[in-house]
1. What number of residues within the range 9-50 are closer than 27 Å to R120 by Cα, outside any helix (DSSP H, G or I), over 16 Å from the mean Cα position of the chain (by Cα) and at pLDDT below 70?
2. Out of T68, T115, report the one residue that is over 14 Å from the mean Cα position of the chain (by Cα) and over 18 Å from S47 (Cβ atoms).
3. Only one residue in Y53, Y65 is over 29 Å from R141 (Cα atoms), part of a strand (DSSP E or B) and modelled with pLDDT of 90 or more. Which one?
4. Within the range 55-65, does at least one residue satisfy the condition of being over 11 Å from the mean Cα position of the chain (by Cα) and small (G, A, S)?
5. Hey, any hits in the range 101-109 for a residue that's among the polar types (S, T, N, Q), modelled with pLDDT of 85 or more and surrounded by 16 or more Cβ atoms within 10 Å (Cβ to Cβ)?
6. Looking only at residues that are among the aliphatic types (A, V, I, L, M) and in contact (Cβ under 8 Å) with a residue 40 or more places away in the chain in the range 57-83, which one is farthest from P112 (Cα to Cα)?
7. Filter the range 43-94 down to the residues that are of a type in the set (D, E) and over 23 Å from Y13 (Cβ atoms), then identify the one that is surrounded by the most Cβ atoms within 10 Å (Cβ to Cβ).
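The values are calculated or read from the model by the stated rules, or taken from the named source; none is laboratory data. Owing to the predicted nature of the structure, the values given are computational and were not obtained by experimental measurement. Neighbour counts are summed over all protein chains in view; Cβ atoms, including those assigned to glycine, are modelled from backbone coordinates with ideal geometry.
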Amino acid sequence: MSGIEVVPLLINYKTLEEFQNFKEVGAQELSMQEELEENIMENDSRSPFYGIYFGDRLVARMCLYTITGKYDRFFDPPQDYLELWKLEVLEPYRGRGFGEELVNYAKSFELPVKTNARQRSDDFWLKMGFEPAEYNPVRDRGENPYVWYPKGVQPQKVEELTAEPPLSDTES
């Protein structure tokens, strides 16, 4: 989509003020605001926040974190991947491709991407080429992960969880 540019958001009080325009229900919005406040206090100049401005107004945003391969429980082969959090577009700007542009920006790094779909957003993630991850109660803890696989990447096999470990040869 021409004319739309995803930009890293500065960690400052102006961005904090702009975040207050987003009214996402529940603790997710609060945690994003709290995260920004923590980064301001720590003077952390590397921002995980990305956004799209329409004129001088922030109208869409997301958090994008790199998760190192040693913690990868989604992709085969295990590798670094991106975790996309809290994608949100302000109500009057929905349906204009801003959310798609943010997701395409994340995919442009050619790393696998994992996200947790919010209620009623499944169709959006499917349209963007994401797939629901096979549910693993230990790994996913009640969340609804969706994943995007770049070329050459497949899902990790979800191992069966058993109540008791199998017997060894000496115990049988």
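1. 3
2. Working: T115 fails: over 14 Å from the mean Cα position of the chain (by Cα).
So the residue among T68, T115 that is over 14 Å from the mean Cα position of the chain (by Cα) and over 18 Å from S47 (Cβ atoms) is T68.
3. Details: Y65 fails: over 29 Å from R141 (Cα atoms).
That would be Y53, the only listed residue that is over 29 Å from R141 (Cα atoms), part of a strand (DSSP E or B) and modelled with pLDDT of 90 or more.
4. The answer is yes; a qualifying residue exists.
5. Here is the first cut: in the range 101-109, the residues among the polar types (S, T, N, Q) are 104, 108.
Adding the requirement that they be modelled with pLDDT of 85 or more leaves 104, 108.
Okay, now just the ones that are also surrounded by 16 or more Cβ atoms within 10 Å (Cβ to Cβ), so none.
Within the range 101-109 (the criterion being among the polar types (S, T, N, Q), modelled with pLDDT of 85 or more and surrounded by 16 or more Cβ atoms within 10 Å (Cβ to Cβ)), the answer is no, since none of the residues qualifies.
6. Residues of the range 57-83 that are among the aliphatic types (A, V, I, L, M), as a first pass: 58-60, 62, 64, 67, 82.
Imposing the further condition that a residue be in contact (Cβ under 8 Å) with a residue 40 or more places away in the chain reduces the set to 58, 60, 62, 64, 67.
Values: L58: 27, A60: 22, M62: 16, L64: 12, I67: 10 Å.
Per the criteria, the residue is L58.
7. This residue is E83.
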